[in-house]
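Read through the structure below, which is laid out as structure tokens, and then see the notes.
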Ligand SMILES: [Fe+2]
Ligand SMILES: [Fe+2]
């Protein structure tokens, strides 16, 4: 289980801004249109009144990441329990079915944006996060799974997930941009790579199935180019996304 994994913490006095109260401002995207829950004014007032500062750098409530973080470090130290298990279980299903390694890796990464970054449009965010490190085909498969999972392909063995009727309601229709993305993907040479991601996606969470992430180490080594500086510090076009997960509570 994820809870058995090692976690490395520091104490508050080993963090930047030691000795001060460090306030966490929630990310704006989580508060759009929810002014009643937005603590922005209150926290700014508190700063002026008490000398409290806004969180920057290591939050002592989070495990410390290695100096040069690799892909699985984010699984261990940052991803939510559900995202962690969901990605590993999907990849394991594809592996046990004898799928090509590129499909296994696409399954392992397909919802990576949900791990610790953003849920909305997660296929697109996820594809951008991994694009500098994987083949174009794997990133494409991750991007397009977002559209394909709404559209059945019974010949390929994919029906509309029952879970989506529960998640979104039985009348939900995907927006036009995803309908268009689905049509474009259907005729693409990599269609089946992305379609297989939707087939091995786990639509009902399995709490009692523990998958050891280390079994994917060799496959990751062959298909994910870990930057020598560590994810977040290689100056790639996606480095800022990985840094945002390392220090998710930075004020600015
Ligand atoms: Fe997904
Ligand atoms: Fe998924």
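The set of residues in the range 181-222 that are assigned to a helix (DSSP H, G or I), under 19 Å from residue 97 (Cβ atoms) and more than 18 Å from the chain's Cα centre (by Cα) comprises 191, 192, 193, 195, 196, 199, 215, 218, 219, 222. Assess whether residue 137 counts as being without any contact (Cβ under 8 Å) to a residue 40 or more places away in the chain and either away from ligand 2 (no atom under 14 Å from the Cβ) or not assigned by TED's automatic domain parsing to the domain that holds residue 216 (or both). Taking the combined requirement at face value, the residue does not satisfy it. Selection within the range 12-35: residues that are exposed (fewer than 10 other Cβ atoms within 10 Å of the Cβ) and assigned to a helix (DSSP H, G or I). The member of this set that is modelled with the lowest pLDDT is 13.
The values are calculated or read from the model by the stated rules, or taken from the named source; none is laboratory data. Worth saying up front: this structure is predicted, and the values here are computed from it rather than measured. In this analysis, Cβ positions are derived from the backbone assuming ideal geometry, glycine residues included, and neighbour counts consider all displayed protein chains.
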